Amino acid sequence: QVQLVESGGGLVQPGGSLRLSCAASGRIFSGSAMGWYRQAPGKQRELVASISSGGSTSYADSVKGRFTISRDNAKNTVYLQMSSAEPEDTAVYYCNAAPTLLHLQSQRALFASWGQGTQVTVSS
């Protein structure tokens, strides 16, 4: 089974930046797609950014132009660079993996169980 651990969350001011990391305890298969999700209180978990095995990226409209997802296969790690943070970005952020971007979008065939995530709070 796959275990993913999120880190890098914290308190950031509106307009500020933060970088989240998602590290695999073992090996992340190069053929898998990786995604970042977030869940705010009282809301459903939503996919905000994803990256395919070939490097193609996809973003939710709410974060497009502000967030950047990247991966370092040698380090078995995926990152989420958050810029121009908004209060609406406040949530617990989770990562997961799946065969393709389409699977991530539909939350089908996810490789890992949901972990603790990392809390991001955007406030002045």
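The values are calculated or read from the model by the stated rules, or taken from the named source; none is laboratory data. Every value quoted in this text rests on a predicted model; they were computed, and no experiment measured them. Methodologically, a virtual Cβ is constructed for each residue, glycine included, from the backbone with ideal geometry; neighbour enumeration extends over all protein chains shown. Heads up: the accessible areas ignore ligands, DNA and RNA and are worked out on the full protein's heavy atoms, side chains in. Shrake-Rupley method; radii C 1.70, N 1.55, O 1.52, S 1.80 Å.
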Residue pairs within 8 Å by beta carbon, gap of at least six or interchain, first lying in the stretch 63-92 and under 21 Å from Ala40 (Cβ atoms) and of a type in the set (Val, Ile, Thr), second open to solvent by less than 50 Å² (accessible area, probe 1.4 Å) and part of a helix (DSSP H, G or I), listed first then second, are Val63/Asp89
Just to be sure, is Ser58 assigned to a loop (DSSP other than H, G, I, E, B), touching a strand residue (DSSP E or B) at 6+ places or on another chain (Cβ under 7 Å) and over 18 Å from Gln119 (Cα atoms)? no
Based on this model, can you work out whether Thr90 counts as open to solvent by 70 Å² or more (accessible area, probe 1.4 Å), out of contact with any Gly (no Cβ under 7 Å at 6 or more places or on another chain), closer than 21 Å to Ser7 by Cβ and among the polar types (S, T, N, Q)? no
Of Ser56, Ser25, which residue is modelled with pLDDT of 95 or more and open to solvent by 40 Å² or more (accessible area, probe 1.4 Å)? Ser56
Condition broken by Ser124, with the remaining ones in (1) more than 13 Å from the chain's Cα centre (by Cα); (2) on the phi < 0 side of the Ramachandran plot; (3) open to solvent by less than 70 Å² (accessible area, probe 1.4 Å) satisfied: (3)
